[in-house]
Amino acid sequence: MAAYDVVVIGGGPGGYSAAIRARQLGLKTALIEDAELGGTCLNWGCIPTKALLKQAEVYQLFLRADEFGLRVDKPAVDWDAVIGRSRQVAAQLSKGVAYLMQKNQVEVFAGRGRLTPSRQIAVEDAEGEVAAELDAAHVVLATGARPKSIPGVEFDGERIIASREAMVVAEQPASLAIIGAGAIGVEFAYFYRAFGSKVLLLEALPQILPREDEEIAAGLAESLAQQGIEVVTEARVEEVKRQKRGIALRYRAGEEQKTRRVERILVATGVQGNIEGLGLEALGIRTRDGAIVVDERMQTSAKGIYAIGDVAGPPLLAHAAAQEGVAAVEFIAGRDRPTLDPRQVPNCIYCQPQVASVGLSESQAREAGYDVKVGRFPFAASGKGQAAGETEGLVKLVFDARYGELLGGAILGAEATELIAELTLALRLEATYEELLLTSHAHPTLSEAVMEAAGQAFGEAINY
Ligand code: NAD
């Protein structure tokens with residue numbers, strides 16, 4: 001039986017990053033993957049959706065050509081090519097992961113990995129036959145998560161779909177209802193609306209993007225409504241009936257009951273960990289709410305078995321998974337390194353305008369008992385924003401009034417997902433508003449809005 005220092009089950013960003021780091025640390029490493037390398041992120045998540053969203057943005061920019069003094073005939077959409085480019089980008093990157101595995105001498109096994117009661121790892125082929133058995137001092141479980149359906153709205157892969165099918169629908173739907181206004185719901189709402197579909201976005205809670213700052217989420221809701229998306233909060237789906245053509249949807253919005261016919265429904269109400277069939281029970285590995293329970297070193301309740309990424313619960317983000325994977329193998333290798341702080345993980349949503357945040361929101365900071373100072377800077381007051389025609393949104397920063405330390409920040413607007421990196425680093429370095437102000441920000445850039453918002457919190461903004 002082949003023996004390894006580390007066997008990783010799952011080849012998404014968490015798993016493959018763990019495998020590469022393990023090799024860098026001199027550990028003999030194998031990785032087991034039963035689908036495409038790169039996992040959901042590269043193949044059916046982050047990357048292909050970002051390609052789709054970019055294409056939607058380009059299309060929207062063409063529609064605004066007049067604003068920039070350009071005369072462009074009405075642009076036409078080649079739907080097959082729109083989908084095709086997204087698939088091609090995903091395929092290219094998945095090949096890139098295969099190359100990285102080879103370059104780093106990670107042995108890759110194609111199949112399903114499962115822990116056996118005697119604590120070996122079985123690799124099963126598509127027929128469920130054991131193709132290989134591996135022995136490992138340490139195991140890293142990185143099997144990810146899959147969409148959760150809601151009762152009465154079960155997926156059929158055709159008209160009631162999850163994000164994966166929403167990335168490759170053969171024809172652009174004339175109308176679409178999206179249930180759940182988290183990251184996935186909001187991104188697809190923007191994408192389909194940008195290309196002209198009629199979109200109804202239903203959220204159960206009082207605000208879209210419930211984990212985001214209220215002001216930022218309200219700003220986005222307003223913008224999406226202006227784009228023509230019907231946004232309904234406090235919505236409860238009561239009945240979904242498949243009809244010959246399309247679907248009849250009955251929902252309640254507050255006191256009002258409404259019915260709507262749509263071509264398709266996208267369910268984006270969250271995900272659940274892929275914990276089944278891993279052999280967890282026999283080894284006494286604890287799970288809670290559909291995720292594997294881990295300690296701050298990412299170790300499960302069974303010694304030497306680690307879990308990282310979506311299967312280990314929130315934050316359910318690819319960049320968190322990659323960091324957790326690296327951390328887990330560094331702990332395995334006996335490295336002295338800090339544990340991860342989930343408050344320092346940025347959250348990014350790539351609709352337009354974009355949303356990005358890190359740390360505490362204003363209300364979270366107040367609830368935590370801080371004496372809070374808030375600084376804002378709207379992109380309408382930014383020279384670069386005006387020049388680039390990107391005047392929507394704002395930077396909002398939250399400071400502790402006593403020492404001026406940054407507690408968190410949220411951005412609504414163009415390039416928010418890039419701009420958040422500065423705030424993430426500032427938070428990690430426990431930066432104060434003064435340090436943000438003393439840092440030279442190139443002019444003209446959207447990043448100046450970060451510096452100005454820091455100044456605004458303490459009465460020192462220059463341009464606002
Ligand atoms: P999510 O948890 O972010 O959002 C689900 C939303 O659905 C919530 O707002 C919730 O209140 C709502 N909801 C739940 N049940 C509902 C119901 N019955 N009716 C109406 N609304 C209901 O989940 P998601 O958007 O499905 O994304 C899954 C995971 O993937 C998340 O953790 C997300 O952060 C991550 N993700 C991140 C990105 C990104 O970073 N850009 C993109 C896609 C997904």
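We did not get these values from a lab; they are worked out from the coordinates using the rules stated. In this text the structure is predicted, and so the values were computed from the model without any measurement. Here Cβ is always computed from backbone atoms with ideal geometry, including for glycine, and neighbour counts include all displayed protein chains.
What's the percent breakdown of Cα-Cα distances in the stretch 343-387 across 5 Å bins, shortest bin first?
5, 16, 16, 22, 21, 12, 6, 1, 0
With a cut-off of at most 10 other beta carbons within 10 Å, and DSSP calling the residue loop, which GluC sites (Glu not before Pro) in the stretch 90-140 qualify? Please list them.
Here the sparse-neighbourhood loop sites are Glu127, Glu129.
Out of all Cα-Cα pairs in the stretch 57-132, roughly what percent, to the nearest whole number, are more than 15 Å apart?
Distances greater than 15 Å cover 74 percent of the Cα pairs.
Over all directions, average the projected area of the Cα convex hull of the stretch 19-58 and note it in nm².
Value for the stretch 19-58: 3.7 nm².
How much net charge surrounds Ala321 when only other residues with a Cβ under 14 Å from its Cβ are counted (Lys, Arg +1; Asp, Glu -1)?
Its environment carries a net charge of -1.
Sticking to Cα atoms, compute the Rg of the stretch 268-323 to one decimal and its Dmax as the biggest Cα-Cα distance, whole number, in Å.
Reported Rg and Dmax, both Å: 11.1, 35.
Viscosity 1.002 mPa s, temperature 20 °C: give me the Stokes-Einstein translational D for the stretch 31-85 in µm²/s, with Rh taken as the Kirkwood radius over C-alpha pairs.
After rounding, the answer is 160 µm²/s.
Which value in Å is the Kirkwood Rh of the stretch 339-464 over different Cα pairs?
14.2 Å
Relative to the Cα centre, what is the charge dipole magnitude of the chain, using +1 at the beta carbon of each Lys and Arg, -1 at the beta carbon of each Asp and Glu, and rounding to the nearest 20 debye?
920 debye
Convex hull over the Cα atoms of the chain, averaged projected area in nm²?
Its average projected convex-hull area is 24.7 nm².
Counting DSSP beta bridges with both partners in the chain, what percentage is antiparallel, nearest 5?
Roughly 60 percent of the beta bridges in the chain run antiparallel, per DSSP.
Using the scaling law 2.2 N^0.38 Å as the reference, what is the normalised Cα Rg of the stretch 226-295?
That works out to 1.72 for the stretch 226-295.
What is the distance in Å between the Cα centres of the stretch 298-363 and the stretch 214-236?
29 Å
Return P(r) of the stretch 7-99 (all Cα-Cα pairs; 10 Å bins starting at 0; whole %; ordered from short to long distances).
Final binned percentages: 16, 33, 23, 15, 10, 4.
Over the stretch 308-349, what lengths in whole Å, largest first, do the semi-axes of the equivalent ellipsoid take, defined as the square roots of 5 times the eigenvalues of the alpha-carbon gyration tensor?
20, 11, 7
Using the Cα centre as the reference, give the magnitude of the dipole from point charges on the C-beta atoms of the stretch 1-105 (Lys, Arg: +1; Asp, Glu: -1; all else neutral), rounded to the nearest 20 debye.
320 debye
Which order do peptides 171-178, 114-121, 215-222, 12-19 fall in by mean Cβ count within 10 Å, highest first?
Put in order of decreasing packing, that is 12-19, 215-222, 171-178, 114-121.
Around Ala248, under 10 Å between beta carbons, what's the net of Lys plus Arg minus Asp minus Glu among the other residues?
My count for the surroundings of Ala248 gives +4.
Mind checking Rg over Rh on the stretch 170-286, alpha carbons, Kirkwood formula for Rh?
Using Cα coordinates only, the ratio equals 1.08.
Normalised by the residues of the stretch 386-464, what does the relative contact order come to in percent, with Cα pairs under 8 Å and at least six apart?
Once divided by the residue count of the stretch 386-464, the mean separation gives 26 percent.
I'd like the Kirkwood hydrodynamic radius of the stretch 366-425, using the inverse of the mean 1/r over distinct C-alpha pairs, in Å.
12.4 Å
Which order do peptides 61-69, 411-419, 432-440 fall in by mean Cβ count within 10 Å, highest first?
Order by mean packing, descending: 411-419, 432-440, 61-69.
Report the relative contact order of the chain, percent, no decimals, based on alpha-carbon pairs under 8 angstrom and at least 6 residues apart.
Computed value for the chain: 14 percent relative contact order.
In a Debye calculation with equal point scatterers on the alpha-carbon sites of the stretch 101-202 and no solvent, what is log10 I(q)/I(0) at q = 0.12, 0.13, 0.16 Å⁻¹?
-0.66, -0.71, -0.82
Percentage of Cα-Cα pair distances in the stretch 235-372 greater than 27 Å, rounded to whole percent?
Taking all Cα-Cα pairs of the stretch 235-372, the fraction more than 27 Å apart is 48 percent.
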